[in-house]
Amino acid sequence: MRWLYTMPLRFRSLFRRDKAERDLSAELKFHLQNQVDEFIAGGMDAEEARRSARQSLGGVEQVKDECRDARKVNLIDNFAQDLRFGLRMLRRSPGFTFLVVLCLTLGIGANAAVFSWVEGILIRPYPLVSHQERLVTLTGTVRDQRDQTSWPDLLDVRRSCTLCETLFLSNITGATLSIGERAQVITGSIVSANYFDAIGVHPILGRGFEPAEDTGRNAHPVVVINYHLWQTRFEGDPKIIGKTQRFDNIVYTIIGVAPKGFYGTFVGRNMEYWVPASMVEALYGGGDKLEDRGARWCEAYVRLRPGVTRNQAQQEISAIAARLAAEYPATNRGRGIKVWPLWETPFNHAGHVLPVFEIMVVVVMFVLLIVCANVGNLLLVRSFARRHEMTVRLALGAGRGRLLRQLVTEGLLLSACGAAGGMLLAYWCRHALVLLYSISGESMYMPGQIDGPVLGLSAAICLVVTLAVGLVPAFQTRHLALVDTLKTEASAVMGARGRAWFRSSLVVLQVTFSFLLLVGATLLMQSLRKIRTTSPGFSSTSVFDTSVTLTTAGYDAPRAKTFQDELIQRVRTLPGVEAAAYARAVPLSYQSFSSSPIAVDGYELPPNGQSPDEFYNEVSPSYFTTMGIPLISGREFTRADDENAPRVAIVNQTMVARYWRGQNPIGQRLQVKGEWTRVVGVVKDSKYYTMDETPRPFFYVPLRQYFTIEPDIHIRTTQPLQSIQAALIREVRALDPNLALYEMITLQEQANRTTSEQLVAVALVALFGGLALLLASIGLYGVMSYTVSQSTRELGLRMALGAGPSNVLSLVLSRGLLLTMTGILIGIALALLLTRLLGSFLYQVSPRDPLAFAAAFAVMILASIAACFLPAWRATQTDPMRALRAE
């Protein structure tokens, strides 16, 4: 208690020094006015008199300047003293300090982690790339639907766009890398020759691409590899430049190594190599894609000139697209080009995670408010223990402003420690998001970014928290009654029920926001459970999917047909295989199905006269048997449905209802890509792009009549994944040792990938909801403990008058439950309004689902009872005689 004895002397010296400074300032003003009056009386005008007075008092003004400097030194000394005193006070209460810093660390860390994900995945998603704030993406559009663009169209945009500083191509691709006996499928990019110059990234070894390497069909087999591939597969060979390496069936010359930390320009994937656009035919096949304006395969980026807005660029690029549609109607009619910000980029994972982050920003702000309320309550409880200290300081002459500075300084210390711990927590969690996506079976690269904006925002949060946790207890000091407090330790000084509304309001606030988060988490959990238990319309658990790269291995169509026939025969003879088939695209994947304008006999076109576009898939015989899609009428495709047979198609139920109005379509004609086909079968609807999509028209055509070199292979089997994968690898290598399989997964995993965003939302909201519940419970426990300690006399009197332990227990619990019920009622009202924001994430679950509200209500009540029980039990142990004697 040494501080209590030395405090009067310290305060007396500080107050005397402040008073001396005020007196000196007043004296200077007095002398200055006297001099002015004398000069005016001597005949000077007012302005000259003031100037002469200042000159005559120059020495006194110097004294005043010295006083100002001394005052600054005194302010620094005062702050240092407050800082030292605050550290001593926090060190004397290690449990309290730890609890407050822990709460602040969790609250600030949660916000910093989410902001780092937003910064690293949406705002600045490409490490080492310069001027990302001016980057936008380009995609084609057809009848307002997103599509890819052609290389000639991009060249026209590059030449004609005056608001664009640069335009470059970046398309994801893959290849089989073989080194010795090892073969591995790796991910890379097809890029324009200006790629590395445009993004400001330069290889640490060798060079990037030259302008001439954009031209010529397969004329420039050169490659730039990333740092990780160089270190792992090529063992960091310093003489790697100029060496050759076979990617698929093509020998490339390695001309550069990208710097460490550069992962390309595709959110969610780590690019391991880059090849120039001239090699697109070797990688994709299908003719000369550099000259064909109708070949839509490009995904591009544009860096805008400084000061140019996205809307301005969109207007100019739309005008260019309209001109191209007029000049090339055969390929560009009805097509446009759309500009997207980086955080809405549709051809990578940025557009998929944007809705998740929109929810997460709101959630972590709720958590931060709960943390501030919780810490404020803890400080209020602690201020009760310090009321005598504050009263003594006021009695010795300390102003309330001095106490305010002291409390704010202590809040600054607490929030600074919390901010340091929060930033450390955010740094540890910067890769946590990829772990949540990996649960869905997909390898992702989605790191957070701890940079200037994130640090600045975290500093702003720290400042707000400092004011909150410092001013909340300071607000209560204005109620200190000096005489009453110095006379007695009665709890009425700060514990009067009339003044307890503030602490209770903070608890109600915590309960309200915790209830909101629990309702949101419950709704999302229900939605995820329903969406993952809903049948996709095909068998998913026993069917595996994979593919074999053939185009880049040099296979032409005849050779690919031979390979496919031999492989499917071998697969069907493997032990445990029940059926196998090919398909160009996989349902519920990121692949796009083929689409075509169609015509149906007897179907009237819409008023605009445009033929409707519908999606379809190219499949082999036994596809519907393999997938478990029920055949309603007609027949499946057979081996006889090849390129020499009449064109046939199989349609789904929704297509029958829309175009044949429920009548039997078997034998009816359907025009696809300008050719008439006969409908030979009807199958049940299934899911094609997402699990929550509404039924849509869809049809199937034979793979041999619409041939593709690299279809996926579907295998229905009773064997586990490892066994069938090892057997399939043996069969592929027996046919061609240079080939390798892409990832093999079950269709259930594929379906789960389409709900990965919902999974991430559920995991994060549940995590933060649980954190909010814990903080709310701590806050309620603190308030009830404080209430019990303040009500010792009341409880003792009740027990002395005959109240039993059960009565006291129910009294305390009822007070805690009253606060909880108040918060829940407010939370219900807010939840009815705010849960509508989850509409895009909910599947067959109402935002006002009563089960979700009931579950959140039950959890909050149980947590409230648990938080209040210990203070209530402690109240039952009150000794009436001792309590009354102490009062």
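A short reminder: the numbers here are calculations on the coordinates, not readings from a lab. Quick caveat: nothing in here was measured; it's all calculated off a predicted structure. Note that each Cβ is placed from the backbone with ideal geometry, even for glycine, and that neighbours are counted across all protein chains shown.
State the three equivalent ellipsoid semi-axes of the stretch 190-280, derived from the C-alpha gyration tensor as the square roots of 5 times its eigenvalues, in descending order and whole Å.
On the way: eigenvalues 68, 52, 30 Å².
For the stretch 190-280, the semi-axes come out at 18, 16, 12 Å.
Take each of the peptides 848-854, 148-154, average the number of other beta-carbon atoms within 10 Å over its residues, and list them starting from the highest. List each step's numbers first, then the result.
Values: 848-854: 15.6, 148-154: 22.6.
Result, highest mean first: 148-154, 848-854.
Could you work out the mean projected area of the convex hull around the alpha carbons of the stretch 106-216, in square nanometres to one decimal?
On the way: hull surface 49.2 nm².
Result: 12.3 nm².
Could you please state, rounded to a whole Å, how far the C-alpha centre of the stretch 625-678 is from the C-alpha centre of the stretch 104-136?
So the separation of the two Cα centres works out to 49 Å.
For a quick size check, give me the Cα extents of the stretch 687-756 along its three principal axes, largest first, whole Å.
43, 32, 21
Among residues other than Leu516 whose Cβ falls under 14 Å from its Cβ, what is the net charge (Lys/Arg +1, Asp/Glu -1)?
Details: positive: Arg836, Arg848; negative: none.
Taking every Cβ under 14 Å from that of Leu516, the sum is +2.
In the stretch 143-243, which GluC sites (Glu not before Pro) are in a loop and have at most 16 other Cβ atoms within 10 Å, using DSSP for the loop call?
On the way: sites: Glu165, Glu181, Glu213, Glu235; in loops: Glu181, Glu235.
Sparse-neighbourhood loop GluC sites (Glu not before Pro): Glu181, Glu235.
At what distance in nm do the modelled label points of Leu463 and Glu693 sit from each other, each positioned 7 Å from its Cα along Cα→Cβ?
4.9 nm
Can you pull out the trypsin sites (Lys or Arg not before Pro) in the stretch 165-274 whose DSSP state is coil and whose Cβ has at most 12 other Cβ atoms within 10 Å?
Details: sites: Arg182, Arg207, Arg217, Arg233, Lys239, Lys243, Arg246, Lys260, Arg269; in loops: Arg207, Arg217, Arg233, Lys239, Lys243, Lys260, Arg269.
Of the trypsin sites (Lys or Arg not before Pro), the ones in loops of the stretch 165-274 whose Cβ has at most 12 other Cβ atoms within 10 Å are Lys239, Lys243.
DSSP loop trypsin sites (Lys or Arg not before Pro) in the stretch 651-714 with at most 16 other Cβ atoms within 10 Å of their Cβ, which ones? Show your work: numbers first, answer last.
Numbers: sites: Arg658, Arg661, Arg669, Lys673, Arg678, Lys684, Lys687, Arg704; in loops: Arg661, Lys673, Lys684, Lys687, Arg704.
Passing both the DSSP loop test and the Cβ count: Arg661, Lys673, Lys684.
If a/c stays under 1.5 just call it rounded; otherwise compare a/b with b/c (prolate if a/b is bigger, oblate if not). Do that for the stretch 524-667, with a ≥ b ≥ c from the square roots of the Cα gyration tensor eigenvalues. Walk me through the numbers on the way to the answer.
On the way: a/c = 1.71, a/b = 1.22, b/c = 1.40.
In terms of gyration-tensor shape, oblate.
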